[in-house]
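Input: a single structure, listed below in structure tokens.
The values are calculated or read from the model by the stated rules, or taken from the named source; none is laboratory data. Keep in mind the model is a prediction, meaning the values are calculated, not measured. Cβ atoms come from the backbone with ideal geometry, glycine included; neighbour counts cover every protein chain shown. Accessible surface areas use protein heavy atoms only, side chains included; no ligands, DNA or RNA. Shrake-Rupley method; radii C 1.70, N 1.55, O 1.52, S 1.80 Å.
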Amino acid sequence: MPPSLLPPRIASLPKAELHLHLEGSIQPATVCALTARHGVHLSEGGVRQRYAYRDFPEFIEAFKWVTSFLRGPEDYALIVRDLAEHLLTQRVVYTEVTLSVGVMLLRKQRPEANFEALLRATEPFEHRGLRIRWVFDAARQFGAEAAMEVVRSAKRCGSRAIVAFGIGGDELSVPTEAFQSVYERAAEIGLHRLMHAGEVGSPEKIREAIELLGAERIGHGIAAINDPDLMELLAERQIPLEVCPGSNIKTGALALQLGRNAATIEDHPLPALLRHGIPVVLSTDDPAMFHTTLQTEYENAARMGLHEDELARIVEMGFQHAFSPAGETSRA
Ligand SMILES: [Zn+2]
């Protein structure tokens, strides 16, 4: 291993992580424990094979496979403890975790019961200095009515720990305008609005998420690099991009946006976006499935040529663009 490029000061700073999927954070050993509960005995090596993909559709398949073992509250409690322990090793003190409520509903589960188990399981971690807030997430390809049901679930859970509603999944499926009333309702019940856009889709998907849905942060958004006017808009309105470089490499999204067959970390547009004045929050997306950690992502950013002060500014922006009320994200 080459020596770490990450300045020790940056490595030791307390951090916030804002784009992180619970279901993509299950480490192989925990996947084994999870599947064993449901009668499927796997080796960690077997799980690692499942966690290797050549493109975005293969990643989605793996995501579906692992979530098929999340069958009830106890399963969610198991995986969130695993994630929380992992985040503490990364100096994370505040996180907004995305929960695939759309998938729970598709599987005829009760999100309220799963969510209650999550809150119970994470309570001890609050005392250990990790604040966890939640993003209720719908899958775009399931359509607007299913997304509305996710918003209703958030309302039924009635917890202040749920800070936002978002949509992920297949960006190229249902048109953005189909979700307008869903986002209006989410805003009415006091949720912030997020959307994955411009990951594998065009810059237009980002513009639509902002203009039609009122998205306050954009998941990925790397397509912006191909649209100077959109970069202006993001900088002017200070709309943050939740940038996940390791994920963009693993899914092939970066190569796709650059119009190449392959791309490396050094090709990532993060420095260009940041230096254009666009707020950036650095995240892992699905750390277990993409074999990354938040510290690795900061190292990736250093590898792209960002200086120490720029890295420190990114750490700061993680707190600045969090959705929790001011004061709640304060660093211990
Ligand atoms: Zn994501």
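For the range 107-180, the set of trypsin sites (Lys or Arg not before Pro) satisfying both a DSSP loop assignment and a count of at most 16 other C-beta atoms within 10 Å is given as R107, K108, R128, R160. Normalised by residue count, the range 207-310 yields a Cα convex hull volume of 98 Å³ per residue.
For the chain, what is the relative contact order in percent, using Cα pairs closer than 8 Å and at least 6 residues apart in sequence? Kindly include the intermediate steps, with their values, before the conclusion.
Details: 590 pairs, mean separation 68.7, N = 332.
Computed over the chain, the figure is 21 percent.
Of S12, S173, the order by accessible heavy-atom surface (1.4 Å probe, DNA, RNA and ligands excluded), from most exposed downward, is S12, S173.
Counting only heavy atoms of the protein chains and using a 1.4 Å probe, D309 has close to 120 Å² of accessible surface. Estimated from helical segments only, the mean residue ellipticity of the chain at 222 nm is -14000 deg cm²/dmol, where each DSSP H run of four or more residues counts as -39500 (n - 2.57). For the range 166-268, trypsin sites (Lys or Arg not before Pro) meeting the loop criterion (DSSP other than H, G, I, E, B) and having at most 15 other Cβ atoms within 10 Å: R260.
For the chain, the share of accessible area belonging to carbon and sulfur comes to 52 percent (1.4 Å probe, ligands and nucleic acids excluded).
Each of the peptides 38-44, 221-227 was scored by the mean count of other Cβ atoms within 10 Å over its residues; in descending order, highest first, they stand as 221-227, 38-44.
Checking every one of the trypsin sites (Lys or Arg not before Pro) in the range 43-86 against DSSP loop status and a limit of 11 other Cβ atoms within 10 Å picks out R54.
Across the chain, the convex hull enclosing all Cα atoms gives 125 Å³ per residue.
Rounded to the nearest 20, the size of the Cβ-charge dipole of the chain about its Cα centre is 900 debye, with Lys and Arg at +1 and Asp and Glu at -1. Among the protein heavy atoms, those of E266 account for about 100 Å² of accessible surface (1.4 Å probe, every chain in place).
When only Cα pairs below 8 angstrom with a gap of at least 6 residues are kept, the range 87-183 shows a relative contact order of 31 percent. Each Cα pair under 8 Å and six or more residues apart adds its separation to the average, and for the range 226-281 the resulting relative contact order is 50 percent. W65 contributes about 40 Å² of solvent-accessible surface, heavy atoms of the protein only, 1.4 Å probe. Annotation: per residue accessible area for the range 8-320 equals 38 Å², rounded to a whole number [probe 1.4 Å, protein chains only].
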